[in-house]
Structure formats: C-alpha cells, structure tokens
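The values are calculated or read from the model by the stated rules, or taken from the named source; none is laboratory data. From a predicted model like this one, the values you see are computed outputs, not experimental measurements. With ideal geometry, Cβ positions are generated from the backbone for all residues, glycine too; neighbour counts draw on all protein chains shown.
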DNA sequence: CACGTAACTGAAAACGTTTACAGTAATTCC
DNA sequence: GGAATTACTGTAAACGTTTTCAGTTACGTG
C-alpha cells in the first residue's frame, strides 16, 4: 500500500509538494505527481489525515434501533446527503439507553466531526453529555434539557395531531381513545397534548380509561389495545401515536375480532409498509423520513462549515410538514 | 480534551508507562496513573491508535440499501455482535452499484479492519476489488467470481425453495408461476433452480410465460404480477423469490381483485411485517436476519483474530436454516 | 560481596499526513 | 540594473499513540 513518501520519491518532489497538490494548490510538476499517484494507486490515509487535521469527514448517527424501518430510512436520508460532501456515517443503536449513547459517543467522538442523534432521554444529563462533546450536534425528533443549545429537526407533530383529531371529529366521533408514547419525548408529548386540545376545543374530552401512555414499541401497542378492548368503554375511534405501536395495536384488535372501521375507527401517526393492503387500509398521518434525514444532514454540514469559517450562527429548529393520508380505517361511528 | 502527555505529567511517569498500563502491562504506580486518567477524563484518540497500530476496531458494512428492512435488520445483527468486542460499524448503501462499492471501500479501507458486504455483482471485478483490499471480507447472501477466496454466510436457499415447491405440490398445484431475482446472484439463482427442479421431479413444469426474472425490488414485483394477471395463463399458485418483490406483487394482485388463495395461492421467500394481518395472511419461507448478521460478524471477528495470531484458516461457508411458516395464502386449487 | 537476571523505566522513533518557516528563483517595477 | 514581490520548494515539526532499545534498580544465588 503506497504512502505519500512513495509518491513523492517517484515524482521527484517532496512529500509537502504532493500534499499541497492534493489540497488544491498549484505546483510546478503536477503531471509527475498525478502520474505517480495513478501508478501507485495512492489514497491518503484517513486516520493520519484525521489525526493531523482534527477533521474526519465522518458523522456519527445514533438512533434507538437501526432495524426499525423508520430509523433505517432516516439513516438512509442522512447517508445520502452527507455522502455527496465526501462524508461517511458511523451508525450505532442505543436501544433507548442513555448509557449506551454515552459509551458509544465517548469511544468515537475523536474520530467523527459531528453527531446526529435521536436521543433516548430528554434529560439534562443527555444535554450535558452532548454539549461536552465539543462537536456539532443535531437532535432528531426529540429534545434534551431546556436550553436551545442544539440544532433540531422534527416533523410537525402538532399539525399532524390536529389533523388526526379534526378528521375523527368530522366523522362524528365523540368517545375517542388515545395510545401515546412517553410524555418526556417531544413526539409523545406534543402529539398527545395537541390531539386532546383539539378535541377539547370542540367540546370532546378523552377519558382517563381511554388513555394509554408508554413506550413507542410494538409490544406496548399490543398491550394498550388489549386493555382498551377489555375495558370495553365504548370508544368508537382510537388515535395511535406512532406506526410501531399501531402495528402492535392492530395485531391485538385483529386477534380480538374488533372490526375496523365498523366497530372502531383507527388512525395513527406515521405510515408503514402495506398499510394500504390490510383488510381496512389504514388512515395515517404520514411523514417524510428521507427528507428528515436530509434536513438533519444539511444542518450538520452547515455547522461543520461554520467551524471552519469561524462563522457564528443561531441554533436552527426545522419542522417538516406531515400529511393526512385517508384510507379506509375510519368511518362515522355506528348509530346503534 | 486531555491527551496521554497530560496524563503522564499528572501521574509523574512517562507517556510510555501510561500506554503500557492501558495495554495491560504491570507498572509500579498504577494508582497514580488510574487517578490521572479518571480526573482528566482521558480516552485514547482512536485515529492516533489506528494510525500507529494499523487496527481500528471498525467494520465496514456495505449493503444495497440500509432503508430496506431486511438489510437494516442484518446490519443490526452485525452491530450487536461486533459491539460486544469493542468494535463499531461504518455503514454504506451501494444501491446495487459496483462503482459505489469501490468508491466507498477505497475511501475507508485504511480506517477499518474488515468488510462485510452484500455485493451488488457476482462479477470477477468485484472479486478482484475485494481481494485487493487486503482485509478480511465476509460475503453475505451472494458470491463473487469463482474462487472460494472469502468467507460466506447465507441462508438455506435450496432448502427453502424445496419446501416452497413441496408445499404447493402437496396442495395439488400443477400450473405454477414464479417471480425470481437476478440469476447472477446466489439467492436469485438457487431459489429459482431448486424450486423448478423440485417441481420437475414431481413431473410438473413451469412454463416460460409463467416465469418472471428481474430485480429484487418492489416495483419489479408489481410489474411481474401485472404481467401474469394480464397473461391469464391459468396458474393456480405463485412463488415469489423475496419479500420486497412479494410486497409489490401483492399490491398488483390486490388492485386487480385477484383473490388469494381463492384464485391464486401465494407464497414467498422471506417474511415481512404484518404478513399475518393481510386479508389472507401470507405463507412464507422465513429466515433469521439477526442471526445472519451475527454469523457474518463472528466470521469477521475470527478472521481479525487470525491476523493477529498469525493463524491460517480455510474459508468458511456458513448456511443458516430457514423455515416454512404456513399462514393462509395457500389452498388447494379451485376445482372449477 | 559479586554476578546474573528479572522487572520496570524513559527517550526516541515509528505510523502517514499537513503545514509553518526559511530559502530560492523568477518576475515586475522604478 | 537593483530592489521588491510573487510563487514555489524542501525541511522539520506537529497531531496522539505505541513500542523498541538502552538503562537502572531490585532480587536471588553462589
């Protein structure tokens, strides 16, 4: 494997001249150096460059679980965008554990230029940990602590929840259930609150027994739906806070023979594969995961650029639009 | 950010002594060094270590598309396993392009210890490119070139295809269609061939007009199913070579109002989310993506170990079992 | 006590690259 | 022609870590 010394010797110049040419400076005998590089198949050593420059052209991407389709798509969006600028991504799954985040980032922070993270916790300790990294950070979907010390990208949770509530109201639903994610997370809290507030301003209240709050997991969705079925409180519609919980809830409703939308209208935040092929194709608030990844990447790349040019810029808060995708899982409540 | 010089100064020893202690050697004043490390929050610089050692504790993982649920799960399996050995993963999506693979690997090969790849091509040029990397490589699912110069992990394509054929035969199907992936790829070829051979040994032939071969994509699946519907040759069952194509085929069949299994029995290789919730829950050959990732990681970690101990070992070829998961998309052909 | 050995130490060099500084040659201007 | 300026060069040091080699100290044995 050829190094810069080999190239310099072959071209009859110093290693400094080779390096300069690679950095875009003019040199006298460009042809000889280019020829040597091609003949030797030379590529600069990334570790050496990173060590000398303190810049690695690498982004750390931390998500709860790379196998989750939403996060996988988000990562794809980030990858696509940073790749166009010669960057690559290191990926790690946190399993919603702060300790995993801290461990991973501690071990690789001096080999990356910036961090994109879907944080496990909204806590002050996460806030501090991220601030102490001394690298640009973009939060995705969720906030940490109180100070606006990081860039943030998220979808229009409020707008989506409002659309969901209005859709169910417009169909005539008045006894409505909700399955929400953890209230310490931005998506969990905002979707929940805005859905309730929108109903409330139309004079509709969601009862405590019709409210389930827990993890954004499939198994929680299953359990929540099972409990609602068992409680049999007469809800005619349910709003589920994300697609993973919704998949679990659908399994339970199916197993219990609950007809959708005949007995229960069903609407969830986030789309998922084959939603349109289910017995009652699911009405969803759909979001652009790829675009969200692109937006996060753009914010980080801009931040990295700022570091090099010495520019100071305020923290950005970017909100991506969502859309109501009406399929067939919602109908007016049965009159009997 | 503290470096090893800071630690050495604070502990009153040389940097060599600090380094030795970190490498597990005995030193006289261990307490002082450990104390200095803790007080300064010192972590070794990964780039410097990698440069000096030529070892990075990093694995490159190249898959066609990280947003594809199967590959995302595979990557998760790899991540889980290598992480237990202090390794991390750099991920890139090739979009089934050799040129992307070559570009990505060229840029990061000196920053990683090994490569796990689902190659875009079975070609000699891919074989050569991977061999020239001079690092351990494990192929996943697909082979390259002819020589067995790499470790390989794949699922039991032959076993799965055989089970699929036998299942349809046992139900009495005699006019059967097949939608297969590219024949230059191991999964595409083996699943196709063994399915046909199994039918053939029971005296059943698949007609050319009932055979569709193309990309392992959803859109190809859609198109293939559309063509089969339009051809209306009277097939009573179809076997689809993977889950992505199957999802596309299901969309087309649904749109055309083709009843499953009433008019057409449907069976595919690979499972997918919510398969059991479809109007006719899909019968699949299911495979263990996480376990496949684990197996690939284990082979690579063993290879890395070999490099350090100087051990020579033959190339491994690991085959993971698949299973027939019977749901309700297959029935005996209608008698009318 | 003298000698040999084991255990540890620090200085220096290595890994591959970038760049500051001093030097040289060529060009331009007065 | 001489002085100033520009454009380029190579040497040496930097980045943070690991490890070789030479040196020192402590211990055990005859």
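Observations on the model:
- Index of the failed condition, residue A:178 passing every other in (1) over 15 Å from residue A:268 (Cβ atoms); (2) in the same structural domain as residue A:278 (by TED's automatic domain parsing): (1)
- Breaking point among (1) closer than 18 Å to residue B:107 by Cα; (2) within 14 Å of another protein chain (Cβ to nearest Cβ), for residue A:62: (1)
- Subset tally (residues that are in a helix (DSSP H, G or I) and either within 12 Å of DNA strand C (Cβ to nearest atom) or at the interface with chain A (Cβ under 10 Å from one of its Cβ atoms) (or both)) for segment B:31-46: 4
- Among the residues listed as B:76, B:49, B:81, the single one being more than 8 Å from chain A (Cβ to nearest Cβ), under 30 Å from residue A:78 (Cα atoms), away from DNA strand C (no atom under 16 Å from the Cβ) and surrounded by 14 or more Cβ atoms within 10 Å (Cβ to Cβ): B:81
- Scanning segment B:212-252 for residues that are surrounded by fewer than 16 Cβ atoms within 10 Å (Cβ to Cβ), under 29 Å from the mean Cα position of the chain (by Cα) and over 27 Å from residue A:272 (Cβ atoms) yields a count of 0.
- Residue in segment A:144-162 that is farther than 24 Å from residue A:297 by Cα and either assigned to a loop (DSSP other than H, G, I, E, B) or touching a strand residue (DSSP E or B) at 6+ places or on another chain (Cβ under 9 Å) (or both) present: yes
- Qualifying positions in segment A:75-85 - outside any helix (DSSP H, G or I) and in contact with a helix residue (DSSP H, G or I) (Cβ under 7 Å, 6 or more places away or on another chain): A:85
- Counted residues, segment A:18-30 - those being over 17 Å from residue A:43 (Cα atoms) and near DNA strand C (Cβ under 8 Å from one of its atoms): 0
- Residue satisfying condition, being within 16 Å of DNA strand C (Cβ to nearest atom) and either surrounded by fewer than 21 Cβ atoms within 10 Å (Cβ to Cβ) or assigned by TED's automatic domain parsing to the domain that holds residue A:67 (or both), within set A:113, A:95: A:113
- Reported count of residues in segment B:1-17, each being more than 8 Å from DNA strand C (Cβ to nearest atom), within 24 Å of residue A:54 (Cα to Cα) and not in a loop (DSSP other than H, G, I, E, B), is 5.
- Given (1) buried (at least 20 other Cβ atoms within 10 Å of the Cβ); (2) within 12 Å of chain B (Cβ to nearest Cβ); (3) assigned to a helix (DSSP H, G or I), index of the condition residue A:106 fails: (1)
- Residue match in segment B:143-157 (condition: touching a residue at least 12 places away in the same chain (Cβ under 8 Å), within 12 Å of chain A (Cβ to nearest Cβ) and over 30 Å from residue B:326 (Cα atoms)): no
- Filter result for the condition that a residue is in contact with a strand residue (DSSP E or B) (Cβ under 8 Å, 6 or more places away or on another chain), under 17 Å from residue A:186 (Cα atoms) and assigned by TED's automatic domain parsing to the domain that holds residue A:78, over A:136, A:119: A:119
- Taken as a whole, segment B:86-95 holds no residue that is assigned to a helix (DSSP H, G or I), touching a helix residue (DSSP H, G or I) at 6+ places or on another chain (Cβ under 9 Å) and either more than 8 Å from chain A (Cβ to nearest Cβ) or on the phi < 0 side of the Ramachandran plot (or both).
- Residue in segment B:118-134 that is in contact with a helix residue (DSSP H, G or I) (Cβ under 7 Å, 6 or more places away or on another chain), within 13 Å of another protein chain (Cβ to nearest Cβ) and either assigned to a helix (DSSP H, G or I) or touching a residue at least 40 places away in the same chain (Cβ under 8 Å) (or both) present: yes
- Which listed residue, of A:55, A:20, is within 16 Å of DNA strand D (Cβ to nearest atom), out of contact with any strand residue (DSSP E or B) (no Cβ under 6 Å at 6 or more places or on another chain) and outside any helix (DSSP H, G or I): A:55
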